[in-house]
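The values are calculated or read from the model by the stated rules, or taken from the named source; none is laboratory data. What you see is a predicted model; the values in this text were computed from it and never measured. When we count neighbours, we look across all protein chains shown, and the Cβ atoms used for this are built from the backbone with ideal geometry, even at glycine.
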Amino acid sequence: MPELPEVETVCRSLRPHLLGRTIERIDVREPRLRVRVDERQVKKLAGKRVESVERVAKYILLNLTDNNVWLFHLGMSGKLIATERDTPHQKHDHIVVDLDDGRQLRYHDPRRFGLAIATQADALGELAQLRHLGVDPFDERLSGEYLFGFTRASDRRIRDLLLDQQIVAGLGNIYANEVLAMVQVKPTTRSWRLTRKQVAMIAAAIPELLHDAIQWCGTSFSDYRDADDKSGEFQNHLRVYDRHGESCRSCPGIIKRVAIGNRSAFYCPGCQK
Ligand SMILES: [Zn+2]
């Protein structure tokens, strides 16, 4: 599932293909995504030019002329791929966009949990998807005090609290586990047990980790690819995620997996107490 570093990587890889390009034609081949694609709204974007490509949490915003915005979420398996028009269509290419340079942008999503919503810039704040988002991990408002305000009063396990998009927007299970490994906190720890100092370390580690992951173009386990269909490489640098049974990179311990709710958490029993 693409998390913030993967979505940021997709945005960066889309820009050379999309900035300044005008959309000529949009073909919605399969509208049944997580929310049904409103074909009438989407088709109104034909004739508009791409002015910027922006990431908000795990959403990709194509800002178009005349205040139009095309918002994408990659869901579990979505890809936005820039390609030549004569590249054969693949099964699960659900939206095909003709650009004025003769190339195409294709939204591909086997599991169809993604989103493609056409809206206006001034209506963005009203979208249910964006309205309740917490702070971005790179926003300076993500401080130890901000996070401590949530942890001190919460009985939730810290891994789950970090997954709450209304607190920090953009962390998923991979990076929540990795952040806790960086600061040597066990993912099953009840949030209220964490000291102010530990929480400050978590807050500081979040942007540091995500910055590193972006440098490696994100983590690719299965579906995730950037706009040029390239994989990320951060999976080779993970400390704990999906490494159960393997050796810790900093002590003789063996990484363990434990279920919290229906999602696995990973930690080193030697480093994270
Ligand atoms: Zn260790």
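Numbers at a glance
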read-out: For Glu51: the one exception among (1) assigned to a loop (DSSP other than H, G, I, E, B); (2) farther than 24 Å from Gln166 by Cα; value: (1)
read-out: Unique match (being surrounded by fewer than 22 Cβ atoms within 10 Å (Cβ to Cβ), within 14 Å of the ligand (Cβ to nearest atom), outside the structural domain of Gln90 (by TED's automatic domain parsing) and at pLDDT below 95) among Lys186, Lys273, Lys256; value: Lys273
read-out: Residue ID - surrounded by the most Cβ atoms within 10 Å (Cβ to Cβ), chosen from residues in segment 259-270 that are in a loop (DSSP other than H, G, I, E, B) and within 15 Å of the ligand (Cβ to nearest atom); value: Cys268
read-out: Identity of the residue in segment 255-270, of a type outside the set (Gly, Ala, Ser) and in contact with a Pro (Cβ under 8 Å, 6 or more places away or on another chain), that ends up nearest to Gln184 (Cα to Cα); value: Tyr267
read-out: So Leu45, is it under 24 Å from the mean Cα position of the chain (by Cα) and either part of a loop (DSSP other than H, G, I, E, B) or at positive phi (or both); value: no
read-out: Any chance Ala213 is crowded, with 16+ Cβ neighbours inside 10 Å and either within 14 Å of the ligand (Cβ to nearest atom) or in a helix (DSSP H, G or I) (or both); value: yes
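Listed here are the residues, each with its yes/no results for (1) in contact with a Phe, Trp or Tyr (Cβ under 7 Å, 6 or more places away or on another chain); (2) within 16 Å of Gly172 (Cβ to Cβ).
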| position | (1), (2) |
| --- | --- |
| Met201 | no, no |
| Ala205 | no, yes |
| Leu209 | yes, yes |
| Gln215 | no, no |
| Phe221 | no, yes |
| Arg225 | no, no |
| Asn236 | no, no |
| Arg239 | no, yes |
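Conditions (1) farther than 16 Å from Leu142 by Cα; (2) not aliphatic (A, V, I, L, M), marked per residue:
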| position | (1), (2) |
| --- | --- |
| Pro187 | yes, yes |
| Ser191 | yes, yes |
| Lys197 | no, yes |
| Ala203 | no, no |
| Pro207 | no, yes |
| His211 | no, yes |
| Trp216 | yes, yes |
